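Shown next, in structure tokens, is the structure this report addresses.
The values are calculated or read from the model by the stated rules, or taken from the named source; none is laboratory data. The structure displayed is predicted, hence computed values, not measured ones. Every residue, glycine among them, receives a Cβ derived from its backbone with ideal geometry; neighbour counts consider all protein chains shown. For the accessible areas, the whole protein counts, side chains as well, though only heavy atoms, and no ligand, DNA or RNA atoms are used. Shrake-Rupley method; radii C 1.70, N 1.55, O 1.52, S 1.80 Å.
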Amino acid sequence: MDDRDAALALQALGWILNDEPRAERLLATTGLGPDSLRGALGEQTTLAAILSFLAAHEPDLVACADALDVRPEELAAAARRLEGDASNAEWLGA
């Protein structure tokens, strides 16, 4: 897992949590509760899910990218890398 991708996902999570309806949608989409999300923040699959959540809804992706001063493509690319790394780790039994 790339530390820059993980940091970007955590920054994006902060942006998501700043808006209650968006935060509730994240929890509903991922199936996580507040406590389980908090406990899973170090897991690559959780970080990938955070960025994938944004990538699935372009208005949020663009708004978050603007707030974080990155290009939307950077968020989407980080999501793909985290998802790919996570699936490779599962496949390898890590």
Expected sort for 49-60, 31-42, 9-20 on mean C-beta neighbours within 10 Å, highest first, is 49-60, 9-20, 31-42
Just the number, please: carbon plus sulfur as a percent of the accessible area of the chain, 1.4 Å probe, no ligands or DNA/RNA counted. 52 percent
For the chain, calculated [θ]222 nm from helices alone, where every DSSP H run of n ≥ 4 adds -39500 (n - 2.57): -25000 deg cm²/dmol
The stretch 11-45 scanned against label point 7 Å out from Ala67 along Cα→C-beta; backbone N under 18 Å for 11-30, 34, 38
